[in-house]
């Protein structure tokens, strides 16, 4: 990844990146602890969020909350330029803004209504708005510069979100698998149980899931459980209690998984 510029403050970060020859294998399915606002500048790429495919064009925005797995799809190895803004929801609340402004992240099903085309934002250019944050950071604190651009965008996105209405429920097999996994995330869930629920073979269930999300069922479950663990910890749960509540039965295995993903011990 070729990061051209980056500014940040406590709980918020904005980057502007360019890959001249992106490759499909460079971008894997992943999940964040925080919220993400992605804006495409140029490139022949699409996005998959929780198995749903979004066709991207210049100026399009993608929103992903902390519980959503997502993956970039490179269609052609042409120049791929984008802005990525990551932030903690607490940053919005600390600014004295109502949490209602975060409805486009929170008030929808996983993988639904993630994309906003430039023409849906009532004349607002997301690219220009995010570029303004970099310009403003020359004169004010980076955190304030990013936050002012983010709040402006979120206002227009909220309006577009309300006009979109409810998302259309999909009936594809992968949607049912994803829903089943998320509903049973903290239980002793296995590919055999998923397959039985779907009335397909374990091999077929695995293939459907991997094709839709780019991740194996096992890695998807582990990633979701680790994010859930961090949320429980932030709410005051003890490490052992949170570990067990998230579906991890063996603490030593959980410890290794956590340290591999976050680079530090759960107690830190």
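The values are calculated or read from the model by the stated rules, or taken from the named source; none is laboratory data. No experiment lies behind these values; they were computed from the predicted model shown. When we count neighbours, we look across all protein chains shown, and the Cβ atoms used for this are built from the backbone with ideal geometry, even at glycine.
Here are some notes:
- Any pair with Cβ under 6 angstrom, 6 or more apart, that starts in the stretch 244-261 at a residue that is buried (at least 17 other Cβ atoms within 10 Å of the Cβ) and ends at one that is outside any helix (DSSP H, G or I): 246/186; 247/186; 254/248; 258/266
- Residue selected from the stretch 214-237 under the condition assigned to a loop (DSSP other than H, G, I, E, B) and under 30 Å from residue 53 (Cα atoms), by the criterion modelled with the lowest pLDDT: 214
- Residue 181 within 18 Å of the chain's Cα centre (by Cα) and either within 18 Å of residue 52 (Cβ to Cβ) or outside any helix (DSSP H, G or I) (or both): yes
- Among the residues making up the stretch 238-268, those that are part of a loop (DSSP other than H, G, I, E, B) and either touching a helix residue (DSSP H, G or I) at 6+ places or on another chain (Cβ under 7 Å) or under 17 Å from residue 30 (Cβ atoms) (or both) are 246, 247, 248, 263, 265, 266, 267.
- For the stretch 184-200, the set of residues classified as over 26 Å from the mean Cα position of the chain (by Cα) and without any contact (Cβ under 8 Å) to a residue 24 or more places away in the chain consists of 192, 193, 195, 196, 197, 199, listed by residue number.
- Residue 221 vs. criteria under 18 Å from residue 31 (Cα atoms) and in contact with a helix residue (DSSP H, G or I) (Cβ under 7 Å, 6 or more places away or on another chain): yes
- Looking at the stretch 35-110, the strands (runs of 3 or more DSSP E) lying wholly inside it that each contain 3 or more residues that are closer than 27 Å to residue 20 by Cα, in the same structural domain as residue 14 (by TED's automatic domain parsing) and free of Cβ contacts under 8 Å to residues at least 60 places away in the same chain sit at 35-42, 70-74.
- Test: residue in the stretch 19-27 that is under 22 Å from residue 155 (Cα atoms) and modelled with pLDDT of 90 or more: no
- Residues (touching a helix residue (DSSP H, G or I) at 6+ places or on another chain (Cβ under 9 Å) and exposed (fewer than 15 other Cβ atoms within 10 Å of the Cβ)) located in the stretch 126-140: 135, 138, 139, 140
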